[in-house]
Amino acid sequence: MLDARIPDGPIAEKWDNHKFSVKLVNPANKRKFDIIVVGTGLAGASAAASLAELGYNVKAFTFHDSPRRAHSIAAQGGINAAKNYRNDGDSVYRLFYDTVKGGDYRSREANVYRLAQVSVDIIDQCAAQGVPFAREYGGLLANRSFGGAQVSRTFYARGQTGQQLLLGAYQALAAQVRAGKVTLYNRSDMLDVVIKDGHACGIVTRDLLTGEVHAHSAHAVVLATGGYGNVYYLSTNAMACNVTAAWRAHRKGALFANPCYTQIHPTCIPVSDEFQSKLTLMSESLRNDGRIWVPRQLDDARSAADIPESERYYYLEEKYPSFGNLVPRDVASRNAKTVVDEGRGVGPLKNGVYLDFAAAIARDGVEAVRERYGNLFDMYERITGEDPYSLPMRIYPATHYTMGGLWVDYNLMTTVPGLYCLGEANFSDHGANRLGASALMQGLADGYFVLPYTIGDHLAPKLGDAPVPTTDPVFAEALAEVDRRTRSWTQVKGTRSVEHYHRELGKIVWEYCGMARNKTGLEKALSEIPALREEFRKNVKVLGSPDGVNQQLEKVNRVDDFMEFAELKVRDALHRAESCGGHFREESQTPEGEALRDDENFSYVAAWEWRGPDADPVLHKEHLNFENVQLTQRSYK
Amino acid sequence: MSSTESTDNGSVEQDRALNLKLRIWRQDGPHAEGSFLDVDADQIPTDASFLEMLDMVNERLIEDDIEPITFPHDCREGICGTCGVMINGQAHGPERATATCQLHMRKFRDGDQIVIEPWRAAAFPVLKDLMVDRRAFDRIIEAGGYISAPTGTPQDANEIPVPKEVADTAMDAAACIGCGACVAACPNSAAQLFTSAKLAHLNVLPQGQPERWRRTEAMVETMEDYFGSCTNHGECHEACPKEISLDFIAFMNRDYIKSKSKNRSLASQ
Ligand SMILES: Cc1cc2nc3c(=O)[nH]c(=O)nc-3n(C[C@H](O)[C@H](O)[C@H](O)COP(=O)(O)OP(=O)(O)OC[C@H]3O[C@@H](n4cnc5c(N)ncnc54)[C@H](O)[C@@H]3O)c2cc1C
Ligand code: FES
C-alpha cells in the first residue's frame, strides 16, 4: 500500500522526467495559493523563501525568536556537493553510491540520486547569496575530505558552515518578508496539524508570549521541524529540539518511518555530572590527527602521562589497521562503548576514551596543531578546564542526528495528502546511517530544489478552491483540544519537574536503545517507558500561568510527545532484528563483532501507523529495490 | 584546581563546588515592574556552565513551589545567539569572547555575589525575567541585509572568484551571532556593531555589489529608527562573544556617506 511514487526510467533521468511530468501552477495563479511552512531551519527557511519567490503566499512558523536561531546554526564541519572541483574523481554517481553504501543500504535509491544531482546547485545558490565559503588564494572555492570520504567534496565556512548556510537562507527569507510574500510568525509553537476530508488544511499554534492558541489554514502544510535526538535527553542538539510537530502529524495519520535509526557521534565531550544539560560535539576532523586509546589494564587509576606506551590500548588502530582512527562514525562509537563497558573508561566518571594529540604535536609541532585545531582546543578547555595540548582530550559518543522521521514519497509528501516533510524531520535519504556533511545538503536540497517543484502536483488541481476557513468545526475542535491539553498541565500539581522526567526518559532510551540494543533490553524499555509516562502525567509539576511566557509549559508538551514517541522508537528497534548502520542489534553481528545486516528479511523501510493511545501501532513496509548499487557487507579492517 | 585523576573523591567534591549569592532580575512582562530576587546557590559544581547553574537554581525553586526564572538559551554552544544576560554589569559576564552559555562556573569563586539582569535597551523590551525581545535586529536584516539571488538563477559558484582575503574578511564579519550583547553593553544602546557586521559581510563581496548602496542606506536608517547613536565607546567590541572588529563600524560609516550620493546618481540614471 505504501507507494513512494518513484518515477520510471533510468535513475539518472528520473528527476528530469519527473520535473517535466508534475503538474505546474502557472505564474499568475501561484498567488492564489497559501502554504504553511513550519520550521525555519535550513530546510524550512530555504523552502519558504523559494516558494515565496515563485509567488506563493507563505506563512512561516518558528518557536524561536528569529529564524536565525534554528538548530542548523550549530553545524560545524561542512556541506557535501558533487562538484568535482578537485578533479579527484567525484561525480553525481559517486556521491549517490557513497550515500547509499554509507546508509548501509536502507535508503531509497531514487531519492538519494536526486540529492546528489541537486547538490551542485546548492553550492551555486549559497555562493550567490554571499555565503563566505572558504577560498583558495586564486579565489576559487576550497574543499576538504570529511568523515572518511575518499574524495574532497566538502565545502565549508571555517568551523561555522551551518551558521553561514542558515544565515543565507534566513536572509533570503527576510527579503521575502520585506516583499510581503512571507508572513513570519515567530515564537509560535505548532501543536497540531488540522485535517479535513483526509487532507492537511492547516495547523494550530500557541503564541509563546501570550499563551493564546491560533488556527491557520492553507492549501498545503510543510513541516521542516528538525530531528528527535533529544528523546535521549542528552544529545548534541539544541535544548529546544523536539519531536512534537512530527509526532502530532503522526497522530493525525502521517506514518513515522524508521524511528530506531539514530546517529551516535563518536567525538563528544563526556558527561561530567547529573546536572549536565547537553553534550558538545568536537569536530570529527580531530580524528585525522588524534589517536584514540584507553588503558589496557581494567580500572586503571593512573593519569594518562603515567601509563607507559606498552600499556595503552589503541583499539581502533589494532582492530582496523587500514582505517584506524578514521573508521565510520557508528564503528568508532560502538568500539568506544565496548572498551568503556569493559572497565577501561577514563576520566573522573570513567566514561570516556582518550583522544591524544601528543604524537601529532611531536611530529608537526604545537603551532601546526594549534593552526589546525586551535578553536576546538579552546572550546574543549573552556568546557572541561583541561588543556588538550598537555593532557589528552577525553571523548565519548553522543546522540547527534536522527535518520528516521516522517515517511515521505518521492515528492516529499507524507501519507496525509497536502502534508509535506523536509530536512531532518523526514526519513528520506540517509538510510540507517548518515555520512558527515550530508544533512546540510539534504535540508537545502529539499527546501531550495525539490519541494518548490513537487508541491505544484498537489496544488494545481486545487486552483480556485479557497483554503478551509478557520471557522470550520475541524479548526474549532483542534483549537479547543490544544488549549485544553496545554492548560491541563498546570492542574496536575505533582511533585517532580518536567526536567526530571525528561532526564529519566533519556536514561531508559540511552540504556536500552542507544549504541547497542538487544531483545531483553528493548522489552524492558517497552515496559518501563509506559510506566514512566503514566507517572509523569500524574505527577509532573508545572508552575506559573498558561497565559504568558512559561518555559516549563512549552517543555511539558514536548516531553509528553517524547514519552509516546520513545515507545514507538523502541518498538521499531525491537522489530528490526538485524543490525544496520546506527542500529546495532547485539544478536546480529559477524564473528568479529561487526554489524550484520539481514537483507533477506529487512530490506525495507518500516513505516508505522498510529492507531490510538491504547492500540499497538501497525507496521507498513516500503520494500527497497536496489537496481544500481550492489549490496555488500561494509568492512573497514 | 587539582587534577581530576589524582585526587580521591572526597577532596574532589570540596574543590569543585561553590556557594554563591545570586541577585536575579524578575519581571512578569514588558509592562510589569521588576525587582531582584535574592537566592543562595549552594553546592554548584565548578564544571557546570553558567546556564546549568541557573538550571539547578530553577530545579530548587520548583521544589519550593516558586516559579522558575525565565532565561533565554538554546544551543548552549555559543553559536545560536539566543542566550545572553548581564552578569555583574557585564554582557555575557567576565570571560572574554565567551557567550553566557559557554561561561563555566570555575571562573567564579566560592562566596561570590552574582547579579544577573536582562539586556537593558529601549529597543529590547523585557518579555519576562531575563528574556528580551530582539526583533528589531530582524527588521534591520529585512531592510537590506541580503543579496537578492532567487533560487535556481545563479551561475556556477566558481565563476565568481573571491580573493581569499576578501572571503576571510566577509567571514570575520559574518561570524556575528546576533545575540545583542553589543547593544546591551553600549551606553547609548546603539546597534552599530551588529549592523556593520552584516553590512560589511555583504558589501565586501563581489556578489554584494549590485545592491551595495541601496542596502547600506536602508539598513543604517532602519537601525537608526530603533537604536541609539554610536559615540565610539568600543564597549560593544569588548562584550562581543565573537570579537567582531570595530573596523566594520568605520567601514559602515564610510559606505553610508557614499551611499547618499551613489543612490542619488543611480536614481537619476
Ligand atoms: C552539533 C552539530 C553539528 C552538525 N554538523 C553538521 C555538519 O557539519 N554537516 C552536516 O551536514 N550536518 C551537520 N549536522 C546536522 C544538521 O545540522 C541538521 O541535521 C540540520 O541542520 C537540520 O536542519 P533542519 O532544517 O531539518 O532542522 P532545524 O535546523 O533543527 O530546524 C527546525 C526548525 O523547526 C522549528 N520547529 C520545530 N518544531 C516546531 C514546532 N512544533 N512549532 C514551530 N516551529 C518548530 C524550529 O524553530 C526550527 O526553526 C550537525 C548537527 C549538530 C547537532
Ligand atoms: S545558547 Fe546559543 S549562543 Fe548561548
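Give the separation of the Cα centroids, the stretch A:182-216 to the stretch B:147-225, in Å.
33
Give me the angle, in degrees from 0 to 90, between the Cα long axis of helix B:247-268 and the longest principal axis of the Cα atoms of chain B, rounded to the nearest 10.
30
Please compute how much accessible surface disappears when B pairs with A, both sides summed, using a 1.4 Å probe, and round it to the nearest 100 Å².
The summed interface area works out to 6500 Å².
Going by a ≥ b ≥ c, the root eigenvalues of the Cα gyration tensor, does the stretch A:273-318 fall in the rounded group (a/c under 1.5), the prolate group (a/b larger than b/c) or the oblate group?
Because a/c hits 1.5 or more and a/b fails to exceed b/c, the stretch A:273-318 counts as oblate.
Excluding ligands and nucleic acids, what accessible area in Å² is computed for residue B:262 using a 1.4 Å probe, to the nearest 10?
Counting only protein heavy atoms, residue B:262 exposes about 80 Å² to solvent.
Once you treat every alpha carbon in the stretch A:110-243 as an equal point and sum by Debye, what is log10 I(q)/I(0) at q = 0.14, 0.18 Å⁻¹?
For the stretch A:110-243, the Cα-only Debye profile gives -0.98, -1.30.
Determine the shielding of peptide A:541-550 by partner chains: average, over its residues, the number of Cβ atoms on other chains within 10 angstrom of each Cβ.
4
Determine the order of A:538, A:59, B:258 by accessible area, beginning with the largest, at a probe radius of 1.4 Å.
Final ranking, largest accessible area leading: A:538, B:258, A:59.
How large is the translational diffusion coefficient of chain A in µm² per second when you combine the Kirkwood radius over alpha carbon pairs with Stokes-Einstein at 20 °C and 1.002 mPa s?
Reported coefficient: 86 µm²/s.
Compute the angle between helix A:109-129 and the longest alpha-carbon principal axis of chain A, please, reported from 0 to 90 degrees and rounded to the nearest 10.
90
What whole number of Å gives the distance from the Cα centroid of the stretch A:274-353 to the Cα centroid of the stretch A:7-25?
Distance between centres, Cα-based: 48 Å.
Ranked by accessible surface with a 1.4 Å probe, highest first, in what order do A:623, A:430, A:71 come?
A:623, A:71, A:430
Among the aspartates and glutamates, select those whose C-alpha is under 14 Å from the C-alpha of residue A:83, and discard any that sit fewer than 8 residues away in the same chain.
Those aspartates and glutamates meeting the cut-off are A:121, A:124, B:156, B:159.
Going out from 0 in 10 Å bins, what whole percent of all Cα-Cα distances in chain B drops into each bin?
Reading the bins upward from 0: 7, 26, 28, 19, 12, 6, 1, 0.
Counting DSSP beta bridges in chain A, what percent are antiparallel, to the nearest 5?
70
How big, on average over all directions, is the shadow cast by the Cα convex hull of the stretch A:230-347, in nm²?
Directional mean of the projected Cα hull area for the stretch A:230-347 stands at 9.6 nm².
Does anyone have the angle between helix B:164-174 and the longest principal axis of chain B? Alpha-carbon axes, 0 to 90°, nearest 10?
Once rounded, the angle reads 50 degrees.
Label-point separation (nm) for residue A:535 and residue B:17, each offset 7 Å from Cα along Cα-to-Cβ?
The two pseudo-label positions are separated by 2.4 nm.
Quickly rank B:61-74, A:390-403 as a protection proxy: mean count of other C-beta atoms within 10 Å, highest first.
Final packing ranking: A:390-403, B:61-74.
Can you list the residues of the stretch A:103-138 with backbone N under 17 Å from a point 7 Å past the Cα of residue B:262, pointing along Cα to Cβ?
A:130
Per residue, how large is the accessible surface of the stretch A:264-400? Use a 1.4 angstrom probe and give square angstrom.
Accessible surface, normalised per residue, equals 38 Å².
Full extension from residue A:93 to residue A:310: what is 0.36 nm times the residue separation minus their Cα-Cα distance, to one decimal in nm?
Full extension from residue A:93 to residue A:310 adds 73.6 nm.
Could you report the stretch A:486-599's accessible area per residue, 1.4 Å probe, as an integer in Å²?
With the other protein chains kept in place, the stretch A:486-599 gives 35 Å² per residue.
If I take R0 = 41 Å and measure r between the Cβ atoms of residue A:630 and residue A:297 in this structure, what FRET efficiency does the formula 1/(1 + (r/R0)^6) give, to the nearest 0.05?
Calculated value: 0.40.
Suppose only helical runs count, i.e. DSSP H with n ≥ 4. What mean residue ellipticity at 222 nm does that imply for chain A under -39500 (n - 2.57) per run, divided by all residues and rounded to the nearest 500 deg cm²/dmol?
-11000 deg cm²/dmol
If I stretch the segment between residue A:614 and residue A:136 completely, what's the gain in nm (0.36 nm per residue apart, minus their alpha carbon distance), one decimal?
Full extension of this stretch gives 166.1 nm more.
When the accessible area of chain B is split by element with a 1.4 Å probe, what percent falls to carbon and sulfur?
47
Summarise the partner chain shielding of A:273-281 as one whole number: the mean count of Cβ atoms from other chains within 10 Å of each residue's Cβ.
Per residue, the average neighbour count from other chains is 6.
Which value in Å is the Kirkwood Rh of the stretch B:17-127 over different Cα pairs?
14.4
If you average over every viewing direction, what projected area does the convex hull of the Cα atoms of the stretch A:177-300 give, in nm²?
Taking the Cα atoms of the stretch A:177-300, their convex hull projects to 13.2 nm² on average.
Based on Cα coordinates alone, diagonalise the gyration tensor for the stretch A:486-599, multiply each eigenvalue by 5, take square roots, and list the semi-axes in whole Å, largest first.
36, 12, 10
Taking Rh as the Kirkwood radius, which is the inverse of the mean 1/r over Cα pairs, what is the Rg/Rh value for the stretch A:362-511?
Value, to two decimals: 1.13.
Taking each pair of distinct Cα atoms in the stretch A:292-351 once, what is the resulting Kirkwood hydrodynamic radius in Å?
By the Kirkwood definition, the hydrodynamic radius is 11.9 Å.
Would you calculate, for chain B, the mean residue ellipticity at 222 nm contributed by helices, counting each DSSP H stretch of 4 or more residues as -39,500 (n - 2.57) and dividing by all residues, to the nearest 500?
About -11500 deg cm²/dmol.
To check you understand DSSP bridge types, tell me what percent of the beta bridges within the stretch B:17-127 (both residues inside) are antiparallel, rounded to 5.
80
If only Cα atoms are counted, what is the Rg of the stretch B:111-256, and what is its Dmax, in Å?
When restricted to Cα atoms, the stretch B:111-256 yields Rg and Dmax of 16.6, 61 Å.
Report, to the nearest whole %, how much of the accessible area of the stretch A:486-599 belongs to carbon and sulfur atoms, 1.4 Å probe, protein only.
49
Sort A:210-217, A:360-367 by the packing proxy (mean of other Cβ within 10 Å over each peptide's residues), most packed first.
Ranked from most to least packed, the peptides come out as A:210-217, A:360-367.
Quickly work out the residue B:40-to-residue B:238 label distance, labels modelled 7 Å from Cα along the C-beta direction, and quote it in nm with one decimal.
Roughly 3.4 nm, to one decimal.
For residue B:225 and residue B:113, what is the calculated FRET efficiency with R₀ set at 45 Å and r taken between the beta-carbons, to the nearest 0.05?
It comes to 0.70.
Take the alpha-carbon centre of the stretch A:567-637, take the same for the stretch B:23-99, and report the distance between them in whole Å.
Result: 43 Å between the Cα centres.
For peptide B:63-72, compute the average count of partner chain beta-carbon atoms within 10 Å of each residue's beta-carbon.
4
The values are calculated or read from the model by the stated rules, or taken from the named source; none is laboratory data. On a predicted model such as this, the values are computed, not experimentally measured, just so you know. Here Cβ is always computed from backbone atoms with ideal geometry, including for glycine, and neighbour counts include all displayed protein chains. Only protein heavy atoms, including side chains, enter the accessible area calculation; ligands, DNA and RNA are left aside. Shrake-Rupley method; radii C 1.70, N 1.55, O 1.52, S 1.80 Å.
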